[in-house]
């Protein structure tokens, strides 16, 4: 969709009552918001990175999402006012709230929570009903089986059940692979749709030893693609799992599988499908992350649309990328169940003629809960309610994570690590999932689990030299700010507690982090040892208590309200005027 | 992958290194010791190929991961799309001993090497191809990360 087109649609949306003037109006269901005009002959629905959020949540979009090199100022690296301007979204309305951090606290109270599988189910049923029998497909981009206490306790099974009920036809994965390989295969077996991934192979030695393999000739661990007949159109959906899973997450759970971007193999697969399957449309369901998708779209030709996830970018319009064979559309559909992507396509005679795209925010107050899904959710949560519902403390400000550097909830986690483990410095991973708590709300165990629930949650307390701490910061900074997207892993910067530093995102490896200081102002000495606490170690299991218990202990001690004394975000260099940065004291 | 193909690959990949370790050191000492023990890239190339006069070439394709899953076994494949290839030499420039191996080709062989190399830290994989008496080079960066914070 071009900008004019998008503007027109937004104009229509505005006229159709999507911009309520009062709290009361916002709570009346403006059904127009979810009535997407009929177009074309194929409807592709896309959800991604729901992170096991079965119930509605709050989710604050970032005010820091810096674009480096060629990505500067382009989608998805625009935030706040720049975002609204880039996508022609009116300020102050419901879309502004859905897509940006602006005025988050107040707007969240006005418009209420987002997502929830029961509300999503209602919307998806409606959208599929509009499309007509057999003309729509529901794709899930992965990061579905992880992110909540119940997903952890059921090893992802609660989400497999929810997705089956939701009617997911095709999925790919990333955090799905943080269970043990046998559990992953068992979950895939229970999943009623197709689990696809062209870029996961069984290692040669493992195949030689008889490890399960989808195709012995190609080494594919899973079905690489699936063909679907939608209203007479043949649609190929190729899967692309997160390429750096065994690097960003523990390899020990999935020792037999090797990943990678494998764009040459993607090209070969597209060519083979185009030659042998005679498709009318070729799409990729990707967990590359948007920057990697944009580069892959420029390198590989013959893909009509890449439906992307991983980087949690809620993009109201796709980016059109030129390549040797023509053009490829790249979307990204946000996270935590907040959005459903709807692409209507006019596909005729083996060609994509035209399309319409909407990224619909799932406002749970405006969509009645689906009864069957609600009952299912209540049922899977029931055995765990005592654990989930414990009230630990009260939020005195918006507690969130998303953004390139420490969010407020990260700071609470980092403060908890330092306090409970008596450490000078703490480190916490820059995940992009984790829901938001509003000021005055009780912080429940469930909120803590939303931020921390992984299958390798153990914490550590150990001595590190100043040089080691710098190495970690530099390494993660390069995964985030490398100018070549293929070297980016799609997470945010490692969160720090008790440590301030200066960061130059435009720098090269090992030159971005300078002036590291303890909270008392003391410069970090590369030779000197410091006591560091952290969690989520990828290499081997850490010895101490799971992170959620550490954070819960810390919060229980501050029953009446948790205070953040200092937000350890770095001072930034060379980012003046970067539209991926707002409301940040440089 | 078929088992046969795997065996073939494994054999071709390990040919030189395996030989070097099985045979008594004295057999190879005469020509390879200086090259394999060289601590910098230039001396290693000079020792094994006799020259440092190398031109960059787009006809050499290095397939290696952008970020290694395991620095101890980084899969590297080199294909030389050049005429009269005599040898392919693989180097990891940041390794304490940068020379990984040098593979010689008969005229009838496809100039292709597949191997696994050990990389202690982020650096470049360098492929030097000797073709028709001249040296050509291609480079690909492979990151070896401390891992951990993707999300």
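Among the candidates A:210, A:173, single out the residue that is at pLDDT below 95 and either outside any helix (DSSP H, G or I) or in contact with a helix residue (DSSP H, G or I) (Cβ under 7 Å, 6 or more places away or on another chain) (or both). Walk me through it before giving the result.
Working: A:173 fails: at pLDDT below 95.
Matching residue, one of A:210, A:173: A:210.
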Discussion item. Give me the residue from the range A:516-540 that is within 14 Å of chain B (Cβ to nearest Cβ) and in contact with a helix residue (DSSP H, G or I) (Cβ under 9 Å, 6 or more places away or on another chain) and, out of that set, farthest from residue A:569 (Cα to Cα).
Written reply: A:540
Worksheet, complete the sentence: The lone condition residue B:127 fails out of (1) surrounded by fewer than 20 Cβ atoms within 10 Å (Cβ to Cβ); (2) away from chain A (no Cβ under 14 Å); (3) under 20 Å from residue B:67 (Cα atoms) is (1)
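For the range A:316-396, which strands (runs of 3 or more DSSP E) that fit wholly inside it have 3 or more residues that are in the same structural domain as residue A:166 (by TED's automatic domain parsing)? Working first, answer last.
Working: elements: A:319-323, A:326-332, A:339-348, A:351-361, A:391-394.
Passing ranges, in order: A:319-323, A:326-332, A:339-348, A:351-361.
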Worksheet item: Conditions: (1) within 12 Å of chain B (Cβ to nearest Cβ); (2) more than 22 Å from residue A:60 (Cβ to Cβ); (3) touching a helix residue (DSSP H, G or I) at 6+ places or on another chain (Cβ under 9 Å). Residue A:471 meets all but one. Number of the miss?
Response: (3)
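Restricting attention to helices (runs of 4 or more DSSP H) lying wholly within the range A:1-93, give those where 3 or more residues are modelled with pLDDT of 50 or more.
Working: elements: A:3-13, A:23-27, A:80-86.
Here the list reads A:80-86.
If we keep just the residues of the range A:228-253 that are within 25 Å of residue A:349 (Cα to Cα) and out of contact with any strand residue (DSSP E or B) (no Cβ under 7 Å at 6 or more places or on another chain), which is farthest from the other protein chains (Cβ to nearest Cβ)? Break it down into steps so the answer makes sense when it comes.
First, pick out the residues of the range A:228-253 that are within 25 Å of residue A:349 (Cα to Cα): A:228-239.
Next cut, out of contact with any strand residue (DSSP E or B) (no Cβ under 7 Å at 6 or more places or on another chain) only: A:229, A:232.
Values: A:229: 32, A:232: 38 Å.
The qualifying residue farthest from the other protein chains (Cβ to nearest Cβ) is A:232.
I'm checking my understanding of the structure. Among residues of the range A:425-458 that are part of a strand (DSSP E or B) and within 14 Å of chain B (Cβ to nearest Cβ), which one is farthest from residue A:51 (Cα to Cα)? Talk me through it step by step, then tell me what you get.
Step one: of the range A:425-458, the residues part of a strand (DSSP E or B) are A:425-428, A:436-437, A:442-444, A:458.
Next, from what is left, pick out any that are within 14 Å of chain B (Cβ to nearest Cβ): A:426-428, A:458.
Details: A:426: 25, A:427: 22, A:428: 18, A:458: 20 Å.
Among those that are part of a strand (DSSP E or B) and within 14 Å of chain B (Cβ to nearest Cβ), it is A:426.
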Worksheet item: Do we have residue A:418 as buried (at least 18 other Cβ atoms within 10 Å of the Cβ) and more than 30 Å from residue A:160 (Cβ to Cβ) here?
Response: yes
Worksheet item: Within the range B:42-72, which residues are part of a helix (DSSP H, G or I) and buried (at least 20 other Cβ atoms within 10 Å of the Cβ)?
Response: B:44, B:45, B:48
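Going by the structure shown, is residue B:34 within 30 Å of residue A:219 (Cα to Cα) and either assigned by TED's automatic domain parsing to the domain that holds residue B:117 or at pLDDT 50 or above (or both)? Please lay out each step first, then the result.
Numbers: within 30 Å of residue A:219 (Cα to Cα): no; either assigned by TED's automatic domain parsing to the domain that holds residue B:117 or at pLDDT 50 or above (or both): yes.
Here the answer is no, as residue B:34 does not meet what is asked.
Taking the conditions exactly as written (at pLDDT 95 or above and assigned to a strand (DSSP E or B)), does residue A:102 satisfy them or not? Walk me through how you get there before you give the answer.
Numbers: at pLDDT 95 or above: yes; assigned to a strand (DSSP E or B): no.
In short, no.
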Discussion item. Quick test for you: out of A:135, A:157, pick the one residue that is closer than 24 Å to residue A:343 by Cβ and surrounded by fewer than 24 Cβ atoms within 10 Å (Cβ to Cβ).
Written reply: A:135
Item to complete: Return yes when residue A:548 is within 14 Å of another protein chain (Cβ to nearest Cβ) and in contact with a helix residue (DSSP H, G or I) (Cβ under 9 Å, 6 or more places away or on another chain) and no when it is not.
Response: no
Worksheet item: Going through the range A:109-132 one residue at a time, which ones are surrounded by fewer than 19 Cβ atoms within 10 Å (Cβ to Cβ), in a helix (DSSP H, G or I) and touching a residue at least 24 places away in the same chain (Cβ under 8 Å)?
Response: A:109, A:110, A:125, A:126, A:128, A:130
Discussion item. For the structure I just gave you, tell me whether residue A:449 is in contact (Cβ under 8 Å) with a residue 60 or more places away in the chain and touching a strand residue (DSSP E or B) at 6+ places or on another chain (Cβ under 8 Å).
Written reply: no
Discussion item. When the residues of the range A:214-227 are narrowed to those that are in a strand (DSSP E or B) and buried (at least 20 other Cβ atoms within 10 Å of the Cβ), which ends up farthest from the other protein chains (Cβ to nearest Cβ)?
Written reply: A:225
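The values are calculated or read from the model by the stated rules, or taken from the named source; none is laboratory data. Keep in mind that this is a model prediction, so the values were computed, not measured. Here the Cβ is made from the backbone with ideal geometry for all residues, glycine too, and neighbour counts use every protein chain on show.
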